[in-house]
Amino acid sequence: MFYDFKKIENKWQRKWQKERAFRARINPAKKKYYLLEMFPYPSGKIHMGHVRNYTIADVASRFKIQEGYNVLHPMGFDAFGQPAENAAIKNRTKPDAWTHKCIRDMEDELKKMGFSYDWEREISTCDSDYYKWNQWIFLKMYEKGLAYKKASSVNWCPNCATTLANEEVIDGGCWRCHAKVEQKDLEQWYLKITDYKERLLEDLKQLPDWPERVLSMQTNWIGKSQGVEIYFRLKGLNKIIPVFTTRQDTIFGATYIVLAPEHPLVQELIKGKPQEKEALEFIAKVAKESKVVRASSDVKKEGVFTGSFAVNPVNNEEVPVWIADYVLMEYGTGAIMAVPTHDQRDFLFDKEYALPMRVVIQQPGANNLNPELMPEAYEGDGTQVNSAEFNGLPNQEAKIKIAAWMEKKGIGKIQTHWRLRDWLISRQRYWGTPIPVIYCPKCGVLPVSYKDLPVKLPKDAPFTGEGGSPLGKIKKFVELRCPQCKSPARRETDTMATFFDSSWYFLRFCSPEFSQGPFEEKETGYWMPVDQYIGGIEHAILHLLYARFFTKFFKDLGMISFDEPFKRLLTQGMVLKDGEVMSKSRGNIVDPDAMIKKYGADSLRLFILFAAPPETELEWDDRGLEGAYKFLNRVWRIQDNLKEKADSSLTRVLHKTIKKVSADFREFKFNTAIASMMELTNAIYQSAADKEVFSKLVIMLSPIAPHFCEELWRILGNKKSILKAGWPQADPDLLVEENITMVIQVNGKVRSKIDVPANIPEDKLKELVLADGKLAPWLQNKPLKKIIIVPQKLVNIVV
RNA sequence: GGGCAAGUGGUGGAAUGGCAUACACGACAGACUUAAAAUCUGUUGGCCGCAAGGUCGUGAGGGUCCGACUCCCUCCUUGCCCACCA
């Protein structure tokens, strides 16, 4: 007999919706729990990654409800973005209509999984009720000087005809379409996230419940490094070139310096030199290369001599000045001191052009380093040599002393450098939030006034697939009168990067219909911060960093009182098929909808939680899913064979299971929680359950297989929803064993086992153990050294 | 090149200093059946042994410990993230 999952799932999904079972409202009498998954892009279909992410969250949500928390569990759509425009070009649909159709389809699929969302809070970032507040936030940032416009060389995707943030360039290609990224000069809007770099770094300490990996990725991305800016005087010119280094201990080994080709002093340095022509050609060549190509490690390091010399301030040595592609203007001062013996990049460049080298850090223990014979740079620690008064010092100690000494002598300055850049938010696209700015030829850049928000995205736009923003082609949108002087003016036609939308949506969920501001402080005061955030590791850097930045900004505006938006973070692993990530291009997709049709949502949920712990990769297995289905049927059949009173041994197993499952749920260890419920089920098959035991199993299983358990719960005669059943408590008296099995080891190897009363005194236990005949062959004629007793577990005899 | 994970039966995985392989999948066998499916019940790391039992065994090698899948060191492999960052 199989249970009718189609009927049951449909029935309960409709009932939960009708009864608003997951409606969340402020209730000061109850402890709140805000559970959030990274909201999806509405592609129209959910994939297994979504199923996994949302199932993990849903179990946590339902478990917390049963534990008595007031749970907020919302869902919405990150609805702006490129695919809608691409679909518009391809299928002649409108992005708006296409997106809303996709949203409806995805809602249906999510509902079929039985997720416990408060659908009344659903938000969609492409609705003007939402993006109005993007514009509001932008204006606030503009007021505070955090949004600014800058002409700069940007990454340009020729395929998408749009700019990309550095963070969106992957291996020299566009993060979406993988086309080769070029360089282009454009006026762009930036957000000054660098103003928050110290706090973004420092406050990571407030997040002990984030995965170590993510914390380390964020730290590296912010990239604080302590070093010294050293001043090299240019020979023959009354100018100095500052260089930044974190290895000031190697300054005595700096045998040349290298400038980025774009460095402002380069033109002056090469002027009239024999190398001038060659240098100019080189600069022109590098200018054409994208930063990304220059940054790839397999490209040979190239450079030219400028014909000029600089003076190393620590020993007054004259060193040649070179320019090279591997030095970037964007980092540090755009100039480096080259120490080929102790920096591998300098070493490779040195070998290419046969420049001088000198060892200044001697490797401990090994033979003296010889610059001619070194196969590579020595970048490790050691003792200072050829370093004047610092000779003999360990280099880590010299680092501190040299920095202080340089500051004292005025030849350098201790400095901190950061890797984090400002965030480029302009996109030359249609399907995004219009940046609320007006350009007047007389009055200049004018922010749109708050009362005129939202600047609505026009519904009709020409989609030709050709480059440039479609918005720029809509006269009605672009042309207007300047609000100050009434002369003809233009609107900004750039839209915001969608990362902007997702940087504060977790706040909007607290009061999705609030019309006086982006969020209502009474609501965020109760619900925020998010207690548990769940999503993919691919958002470990950008999204989480931006969301943290926005949170700090709102705090500075006095709108919220906390520093960090997400208390705990869980990054779920990918879903694999045959050892590879599921993807359309690989053609190894398993469609969740087809699986729901075949086995039901409850079986799918059960399988996906049982197959692996949440953080690790999950190998898809059709047979595993079938196994989950069979297990549910096995539980279903228990109802046919209940007895009046369960055996006391079964009751003990039940209470052990309650303890284990409760602990595992709290730590998101769903795979082992399910395993122990399977063990309980096996025990029930050995010795029939009573209603009490069975009911408790059903409650424990209900967060995982909610429709199935709700149905069984009613079959067992309960009138109210299983969500109101409360979580079972383990009876401590039933957890205590009267007799336990002790493992007996001799020299660490298991040789015997004995059953003893749990409360046996140690000397009595020793006596029993030594009398154990099985041990005789191992103890014979050997002097007893000691006996180690681990209470309730084992005895180890050392001979 | 750097950082972080991970490496356990035929497979997914369990055990985070104390009985290695829980739980499940698969396989094999039995019961039920005219038969199959479903279901129920067993067996299932390698080697030696009729058996009792012994012995080897958690990527490789070493170390700490009464005792190591677990901690430390070296190496190998795989995955993810980052990368001319000076």
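The values are calculated or read from the model by the stated rules, or taken from the named source; none is laboratory data. These numbers come from a predicted model, not from an experiment. Please note: Cβ atoms are built from the backbone with ideal geometry, for glycine as well, and neighbour counts cover all protein chains shown. Note: areas computed on protein heavy atoms with side chains; ligands, DNA, RNA excluded. Shrake-Rupley method; radii C 1.70, N 1.55, O 1.52, S 1.80 Å.
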Simple spin-label model, 7 Å along Cα-to-Cβ: residue A:626 to residue A:311 in nm? 8.4
In degrees, nearest ten, helix A:648-666 long axis to first principal axis of chain A (Cα): 10
Roll a 1.4 angstrom probe over the protein heavy atoms and tell me the percent of accessible area of chain A that is carbon or sulfur. 50
Could you compute how much accessible surface residue A:345 exposes when probed at 1.4 Å, giving the result in Å² to the nearest 10? 130
Using a cut-off of 28 Å between alpha-carbon atoms, which lysines can reach residue A:785, once sequence neighbours fewer than 8 places away in the same chain are excluded? A:749, A:753, A:764, A:766, A:774, A:793
Measure nothing fancy, just the Cα-based angle from helix A:128-143's long axis to the longest principal axis of chain A, in degrees from 0 to 90, nearest 10. 40
Set Lys and Arg Cβ to +1 and Asp and Glu Cβ to -1, take the dipole of chain A about its Cα centre, and tell me which of A:347, A:260, A:26 lies farthest positive. A:26
Could you sort A:374, A:574 by their accessible area in this structure, using a 1.4 Å probe and putting the largest first? A:574, A:374
State in Å² the accessible area per residue of the stretch A:8-139; use a 1.4 Å probe, count heavy atoms of protein chains only, and round to the nearest integer. 37
Using r as the Cβ-Cβ distance of residue A:580 and residue A:192, and R0 as 35 Å, what FRET efficiency do you calculate, to the nearest 0.05? 0.30
Measuring with a 1.4 Å probe in the full set of protein chains, what accessible area per residue, in whole Å², belongs to the stretch A:479-614? 36
In deg cm²/dmol, rounded to the nearest 500, the helical mean residue ellipticity at 222 nm of chain A, built from -39500 (n - 2.57) for every DSSP H run of length 4 or more, is -10500 deg cm²/dmol
Give the accessible area for residue A:653 in Å² (nearest 10); use a 1.4 Å probe, count only protein heavy atoms, and leave out ligands, DNA and RNA. 50
Residue A:379 and residue A:151 label points (each 7 Å along its Cα→Cβ direction) are spaced in nm at 3.8
Can you give the Rg and Dmax of chain A based on its C-alpha atoms, in angstrom? 33.6, 109
Cβ-based charge dipole, chain A, positive-most Cα from A:147, A:776, A:124: A:124
With +1 on the Cβ of every Lys and Arg and -1 on the Cβ of every Asp and Glu, and nothing else charged, how large is the dipole of the stretch A:12-87 about its Cα centre, in debye rounded to the nearest 20? 540
List A:350, A:647, A:640, A:772, ordered by accessible area with a 1.4 Å probe, largest first: A:640, A:647, A:772, A:350
Report, in debye and to the nearest 20, how large the dipole of the stretch A:372-466 comes out about its Cα centre when Lys and Arg carry +1 and Asp and Glu carry -1 on their Cβ. 800
Angle between chain A longest axis and helix A:276-288 axis [Cα atoms, degrees, rounded to 10]: 30
Could you size up the charge dipole of chain A around its Cα centre, putting +1 on the beta carbon of Lys and Arg and -1 on that of Asp and Glu, and report it in debye to the nearest 20? 1920
With the cut-off at 29 Å, tell me which of the pairs A:149/A:552; A:11/A:691; A:598/A:669; A:94/A:522 have Cα atoms farther apart than that. A:94/A:522
Determine how large the accessible area of residue A:557 is when every protein chain is in place; take a 1.4 Å probe and give Å² rounded to the nearest 10. 50
Can you tell which of A:377, A:136, A:748 lies farthest toward the positive end of the dipole of chain A, using +1 and -1 charges on the Cβ of basic and acidic side chains (Lys, Arg; Asp, Glu)? A:136
Mean separation of Cα contacts under 8 Å, 6 or more apart, over the residue count of chain A: relative contact order %: 14
Order by accessible surface, 1.4 Å probe, largest leading, for residues A:768, A:269 comes to A:768, A:269
For the stretch A:646-799, what is the percent of antiparallel DSSP beta bridges, rounded to the nearest 5? 75
Quick check: the distance between the Cα centres of the stretch A:302-336 and the stretch A:729-745, to the nearest angstrom? 73
